[in-house]
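This report concerns only the one structure given below.
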Amino acid sequence: MLQKIFSSLIIVAVAFSLIMCGEADNPQAEMNQFVSVFDNNQFNAGFNPIDMVQTDDGSYIVLAEEKVTDTTEIPNIYLLKADKYGNFVKELEIGDSLINPVGHLTVVENKLYFFCMVSVVKANGKDARLASFDSNLDGFKTTNLNGITYPAAASYAGNQFVLLSYNIDDKLSVISTISAAGAVTKSKGYTVGEGDDSEEPILNHFLRTDKIFPFDVGLVAGGVYYFNGFYNYTFSLVFTNISDDEPMGIVAGYNDKGGFSAITPLSASKYAAARFNFGNNYLLPNTTITATSNATSTDANFKGYSLPELIPDTKVKILRATAKEKNILIYGADTQTRQIGLYFYNEADGTFMSSRYLGFSNPYQIGCMIATEDGGLAVCGTTYLAGRFPRICIFKLSKEEVASNVK
Amino acid sequence: MKKLYLLLFCFLLAANVSLAQSSKSKKRKSPAAYNKQNKENERFLEKQWWLGVKGGMNLTKVNVVTNFSIIAPTNYDASESGKKYKNFNLVGSQFTMEAMFYFKRFTFSLQPTYQHSRFAYSNQYKWISTAENNANSVELKYNQEQKVDHVLIPLLVKYEFGSNKLRPYLQIGIFQAIRVSATKAVTVSGIDQASGGKNEFSDETVTVGAKDLFAKNYWGFIAGAGAYYTLGNNVRLNLDVQYKYGMSNISSTKNRYSNDRLAGIGDAMDDLNMDNLAISVGCLFPLRFLESGFKSLDRK
């Protein structure tokens, strides 16, 4: 009897010990998903991210503007590096001689590049520069771009940079192709319109004293380029081969009150886009635009989905991604609730899948989005700590989280 | 596989109970008959099954295994804004059902428990103006209180001293905890000296469901002491003190950042082991000899 009892109890104890379980360490989970807010305890400092890239080791490098109230009229350039877990690694303040960092931040042969310009205030300048540095934020240097001024947007296509810039003296929107060494290989300017009125919103954009325009530029296909900028007094989507004196096609906005707020070519004539019109916002996840178009952005075929939940003339970012073996489009924009709204669409037909909102309590604004090497999504933005201090934040969503938004 | 283990565990428990029941049925005699068979009774009374309940209060301490924070300082030391835990300062509660088998001063006790525990931490941020002739500053303090409910399945061995009505004991064991629910309450207060004067404020508390932020399971060891006081009808009153020493993480590594509201506020749970000091009172009923005329253990 005694033996039976003891043996039973021992078996019970062993069985009990076998079912003991707890949460195992999961470093992979920490990498797949995190939220980081990079805080600086300076009361009068503010940061605004422009673009972000992920490097080979999984780290994140953020190109941003830094403005210190009372000492800076125009935001300076600020670089930040975070590791793959979102921990702060390093920062680099470029100083006040260079301003106006322009995305995309681009990795070419282990070096990172972006465009910027000599400070209008400190150096009485306007000349554009091609800046480069390595993934440890070391070796920062700039290359002078002869004759190019006021850079507004850039992309990298066909082993060269495509840059939209402004020639304020001649009142031109200038599109150029530039090598990584800083050589301007092609360039063409198109009029923004005569008179002071035409250049005022552009200058205000560069001085950050009024509306920040969603300038964009890129390559569609077959030597056809586009830029989203000012043409003939109007914020327009312009197609060009960077050779002809006249644009190939134009989709005109309405002065500086209407136009495209984001544009991403999906094929030669298919685009994912967003537009603004007198404060209203419209998402167009599946729209057709031919390079020889002569249209306006308020035409019936650009109607799009109206989203009253977005702030007037919101900044919009579009990202092409793949989840659940589907090509998807992720739109990011700022909501009236001061969150970052993510809207998921099927790239094939533009059907809406789902939405998700990032941030709570403190205001959040979108800066940029990237697809990460693990199949997830990283959203970089600005949050206002204590409701007032603009700081850079990164939301890293795992592959599974992104997939959960895909139907 | 875990289900199999649980099944095995239940089976063994049932087998044990039935074993006791069968021996009880075989030997069911009047207490007077036992008194006549002293030698046999001595052996018999060395064994006893007890069932009981107890409840009480508990205090919690958490041990930080790994720090996690959403706020990543770029120009000041992270320790300045690090979480400061307040240990053993918030009262929780627990309710336990106890089934135990006594044999020669040793007691093997299974104590399914519903435990409500609370712990809190705070962190602080300060922004100071660097501009000349400008004393602007803002201080924010985040107070975060966690309330988490677990079902615990502890298995203990107790050793009893003495043979009087008052019988102290020591105990040691292991436990498995299963998360049931959790909430988190965040209160932000601060001092704003940025508007030409000093303004102390405290925002309304934000309470959110936080079940997913906690691990589904954790386990640990238990040590403790207590005492039984046996009443005339063999019912025992019990004062029990247990220290539960958590051995695994109570935070969910997978869901650390999944709550958008908490992430938006700037909070992420650390990896934590949770210790718990529980004080309970209760009573135990013997499964045999409930008659008042028979003294089950202290008859000497």
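The values are calculated or read from the model by the stated rules, or taken from the named source; none is laboratory data. Computed from a predicted structure; not experimentally measured. Reconstructed Cβ throughout: ideal geometry from the backbone, glycine too, with neighbour counts over all protein chains shown.
Things worth noting here:
- Counted residues, the range A:343-365 - those being within 11 Å of chain B (Cβ to nearest Cβ) and part of a strand (DSSP E or B): 4
- Restricted to the range B:209-218, and to residues there that are within 13 Å of B:Leu262 (Cβ to Cβ) and assigned to a strand (DSSP E or B), the residue that is nearest to the other protein chains (Cβ to nearest Cβ) is B:Phe214.
- Against the conditions (1) surrounded by 14 or more Cβ atoms within 10 Å (Cβ to Cβ); (2) free of Cβ contacts under 8 Å to residues at least 24 places away in the same chain; (3) within 24 Å of A:Ala291 (Cβ to Cβ), A:Asn204 satisfies every one except (3).
- Of all residues in the range B:77-116, none satisfies the criterion of being closer than 30 Å to B:Leu140 by Cα, among the basic types (Lys, Arg) and within 14 Å of chain A (Cβ to nearest Cβ).
- Unique residue being more than 28 Å from the chain's Cα centre (by Cα) and of a type in the set (Lys, Arg) when the list is B:Lys141, B:Lys147: B:Lys141
- For the range A:366-384, the candidate set comprises residues that are out of contact with any Leu (no Cβ under 9 Å at 6 or more places or on another chain) and away from chain B (no Cβ under 12 Å); within that set, the residue that is surrounded by the fewest Cβ atoms within 10 Å (Cβ to Cβ) is A:Glu373.
Condition check ((1) assigned to a loop (DSSP other than H, G, I, E, B); (2) within 11 Å of another protein chain (Cβ to nearest Cβ)) across all residues:
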residue	(1), (2)
B:Tyr228	no, no
B:Gly232	yes, no
B:Leu237	no, no
B:Asp240	no, no
B:Tyr245	no, no
B:Asn255	yes, yes
B:Ser258	yes, yes
B:Gly264	no, yes
B:Ile279	no, no
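- Among residues of the range B:198-208 being more than 8 Å from chain A (Cβ to nearest Cβ) and farther than 20 Å from B:Val62 by Cβ, the one that is farthest from the chain's Cα centre (by Cα) is B:Lys198.
- B:Phe214 being surrounded by fewer than 14 Cβ atoms within 10 Å (Cβ to Cβ) and out of contact with any Leu (no Cβ under 7 Å at 6 or more places or on another chain): no
- Test: residue in the range B:220-236 that is at pLDDT 95 or above and touching a helix residue (DSSP H, G or I) at 6+ places or on another chain (Cβ under 6 Å): no
- Subset of the range A:385-403 [more than 11 Å from chain B (Cβ to nearest Cβ) and either crowded, with 21+ Cβ neighbours inside 10 Å or farther than 16 Å from A:Arg320 by Cα (or both)]: A:Pro390, A:Val402
- From the list A:Thr322, A:Thr314, A:Thr382, the one residue that fits, being under 27 Å from A:Gly253 (Cβ atoms), in a strand (DSSP E or B) and under 21 Å from the mean Cα position of the chain (by Cα), is A:Thr382.
Results for (1) surrounded by fewer than 17 Cβ atoms within 10 Å (Cβ to Cβ); (2) of a type in the set (D, E, K, R); (3) more than 27 Å from A:Asp313 (Cα to Cα), shown as yes or no for each residue.
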| site | (1), (2), (3) |
| --- | --- |
| A:Lys171 | no, yes, no |
| A:Ala183 | yes, no, yes |
| A:Lys186 | yes, yes, yes |
| A:Asp197 | yes, yes, no |
| A:Glu200 | yes, yes, no |
| A:Asp210 | yes, yes, no |
| A:Pro214 | no, no, no |
| A:Val217 | no, no, no |
| A:Val220 | no, no, no |
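- Of residues in the range B:81-128 being without any contact (Cβ under 8 Å) to a residue 40 or more places away in the chain and either in contact with a Pro (Cβ under 9 Å, 6 or more places away or on another chain) or of a type in the set (S, T, N, Q) (or both), the one surrounded by the fewest Cβ atoms within 10 Å (Cβ to Cβ): B:Asn89
- Condition check for A:Asp256: acidic (Asp, Glu), at negative phi and crowded, with 19+ Cβ neighbours inside 10 Å: yes
- Taking the criterion of being at positive phi and either modelled with pLDDT of 90 or more or not in a loop (DSSP other than H, G, I, E, B) (or both), the residues of the range A:164-210 that qualify are A:Lys171, A:Gly182.
- Yes/no for B:His150 being more than 9 Å from chain A (Cβ to nearest Cβ) and buried (at least 20 other Cβ atoms within 10 Å of the Cβ): yes
- Of all residues in the range B:180-201, those satisfying the criterion of being touching a residue at least 40 places away in the same chain (Cβ under 8 Å) and either assigned to a strand (DSSP E or B) or surrounded by fewer than 14 Cβ atoms within 10 Å (Cβ to Cβ) (or both) are B:Val180, B:Lys184, B:Ala185, B:Val186, B:Thr187, B:Val188, B:Ser189, B:Gly190, B:Ile191, B:Asp192, B:Gln193.
- Of all residues in the range A:111-162, those being in contact (Cβ under 8 Å) with a residue 12 or more places away in the chain, part of a strand (DSSP E or B) and not small (Gly, Ala, Ser) number 25.
- Verdict on B:Ser292 being in a loop (DSSP other than H, G, I, E, B), at pLDDT below 85 and facing another protein chain (nearest Cβ under 10 Å): no
- If only residues of the range A:45-75 that are of a type in the set (S, T, N, Q) and not in a loop (DSSP other than H, G, I, E, B) are counted, the one that is nearest to the other protein chains (Cβ to nearest Cβ) is A:Asn48.
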